[in-house]
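Since the structure comes first, as structure tokens, the remarks are kept for the end.
The values are calculated or read from the model by the stated rules, or taken from the named source; none is laboratory data. Just so we're clear, the structure is a prediction, and the values are computed from it rather than from any experiment. Cβ sites come from the backbone with ideal geometry, for glycine too, and all protein chains shown count toward neighbours. These area figures cover heavy atoms from the full protein model, side chains too; ligands, DNA and RNA do not enter into them. Shrake-Rupley method; radii C 1.70, N 1.55, O 1.52, S 1.80 Å.
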Amino acid sequence: MKVDHVGHRQNKDLAVAVAAVVTGPRHIDNRCHSRIEEVIIDGDFEHHLAKHVGLRLHAAENGSLVLPFGEFLGVAYRITGHADAREGLGQRSQPRGLYDGKYNFHGGKWNVTEIAALLHSLYSPHWAGATPSIKALGSAGGFSGARFWRITCRERVYCLRQWPVADQTRGDHLAWSHAVLRQARSAGCDFVPVPLRAADGNSRVSRDGHWWQLEPWMPGRADFEAAPGMKRLESAMTALARFHNATSQANCAREVPRALVDRISRIDAWFDNGRPTMKFQTVRAASRNDPQFGTVSKRICGLSPFVAPKVRRELVGLAQATFPVHPVIGDVWHDHLLFEGDQLTGIVDFGAMKIDHPALDIARLLGSLGVDDGAFWSRGVAFYRQIRDFSQHERKLADGYDRSSTLVSGLNWLEWVCVEGREPGPRDVVLARIERIAERLEHLAGPDSRSSQGRFDWR
């Protein structure tokens, strides 16, 4: 079922009906999602929303406003004057399937007309005499604050990305990373999207306080987690090795990897000679009484002090040697891998690209694909070695990166959400991610993990 073209007079009645359903038993959301896939709303609704609710949402598809159903639920809560707007979309214990990777509650000023004008202004050689079809994707399930649109024009499909802030540091980084992608593509890495150059010759442009880039839409689906397999793992790891071969042809040096030094510093911010710092105590105090994060916070804050000294010693030992460093992806995980069948067809999102050792990418990728399966890791590294050398000492560096990431990331998430009050996405999705980190932390702690939670559970 689709609720199509909801006009000005109808929108509140529909919103009330939807809100009445979702405030019932928590699992009823599954039944809602099975009946209503998306809501397509005409321009009157957007005007009403801006005037009476204070929200502007992205328009799409020939001027209509297209919202995934989960997103519309959040709007419904706002319209009906729910006592706590945060109890709307993303703050309840709802299944991830409700969002389908397209959750976007906060919206923004850019409607379809404005995006079309932006494209014609910045990329006129590509759009001359054409009327592109534009579909807003919101955050596309990510946590970076970037926003996305799918653009179709003359039978070609593109991805338009709006970065959160147009500061000079971000602009310089984008220009550098785009140059690396062009180099990789010229070396045969056809699975990386190279941003198009705008009318002014730059591949990233600044407009209205944001950096923008337009790149080819890569084919395939990010479904490794739903459909894992050894052939898929081989395709992903050999593609990663090819990318590293391409990027090591320039800007290659030998040093103590920066991410290694940074991980040691991050651990020291949480623990001083093994004892929790004030930062740790603040996070623990803020998160332990949170109705949704209290339980997982106790697990993470109980295990982290037990694990931290071992991980830090491992990193300090690795930092006694130098490693070859060059551009790496920095944040490559299963949601950034696209497949058609068993073949990897695309790697997307290079916003975290940096100079470091390839072990950083290997740890991030295998940590997301195989979690703590030692045999899976060994097969992944073996596939990588089919294309590129990777020594046992470098494997230890990957292990150190993986363990330190598990340690630090759980505490970081608790700080962002419970202390800083960030809302990077639906709370149930964030909670699932933090719980997965807690599970990995328990595996890292080993058989002593139960006693460690009591030992370090300071009041």
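Consider LEU315 carefully, then state whether it is at negative phi and modelled with pLDDT of 95 or more. Yes: the conditions hold for LEU315. Residue under question is GLU255, and the condition is that it be acidic (Asp, Glu), free of Cβ contacts under 8 Å to residues at least 60 places away in the same chain and surrounded by 13 or more Cβ atoms within 10 Å (Cβ to Cβ); does it hold? For GLU255, the condition - acidic (Asp, Glu), free of Cβ contacts under 8 Å to residues at least 60 places away in the same chain and surrounded by 13 or more Cβ atoms within 10 Å (Cβ to Cβ) - is not met. Considering only region 130-139, I want to know if a residue exists there that is at pLDDT below 90, surrounded by 15 or more Cβ atoms within 10 Å (Cβ to Cβ), of a type in the set (Lys, Arg) and not in a loop (DSSP other than H, G, I, E, B). Yes, that holds for at least one residue.
For region 342-392, the tally of residues that are in a strand (DSSP E or B) and basic (Lys, Arg) stands at 1. GLY425 fulfils the conditions (1) at pLDDT below 90; (2) open to solvent by 20 Å² or more (accessible area, probe 1.4 Å) except for a single criterion, (2). Of all the listed residues (ALA250, ALA246, ALA226), the sole one being in contact with a Gly (Cβ under 9 Å, 6 or more places away or on another chain) and either in contact (Cβ under 8 Å) with a residue 24 or more places away in the chain or open to solvent by 30 Å² or more (accessible area, probe 1.4 Å) (or both) is ALA246.
Okay, residues lined up against (1) aliphatic (A, V, I, L, M); (2) surrounded by fewer than 23 Cβ atoms within 10 Å (Cβ to Cβ); (3) farther than 18 Å from LYS396 by Cα:
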{"position": "THR295", "(1), (2), (3)": "no, yes, yes"}
{"position": "GLY302", "(1), (2), (3)": "no, no, yes"}
{"position": "ARG313", "(1), (2), (3)": "no, yes, no"}
{"position": "HIS326", "(1), (2), (3)": "no, yes, yes"}
{"position": "ILE329", "(1), (2), (3)": "yes, no, yes"}
{"position": "VAL332", "(1), (2), (3)": "yes, no, yes"}
{"position": "ASP342", "(1), (2), (3)": "no, yes, yes"}
{"position": "GLY351", "(1), (2), (3)": "no, yes, yes"}
{"position": "GLY367", "(1), (2), (3)": "no, yes, no"}
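For region 195-215, what are the residues that are over 18 Å from SER124 (Cβ atoms) and either touching a strand residue (DSSP E or B) at 6+ places or on another chain (Cβ under 7 Å) or buried (at least 19 other Cβ atoms within 10 Å of the Cβ) (or both)? Within region 195-215, HIS210, TRP211 meet the criteria.
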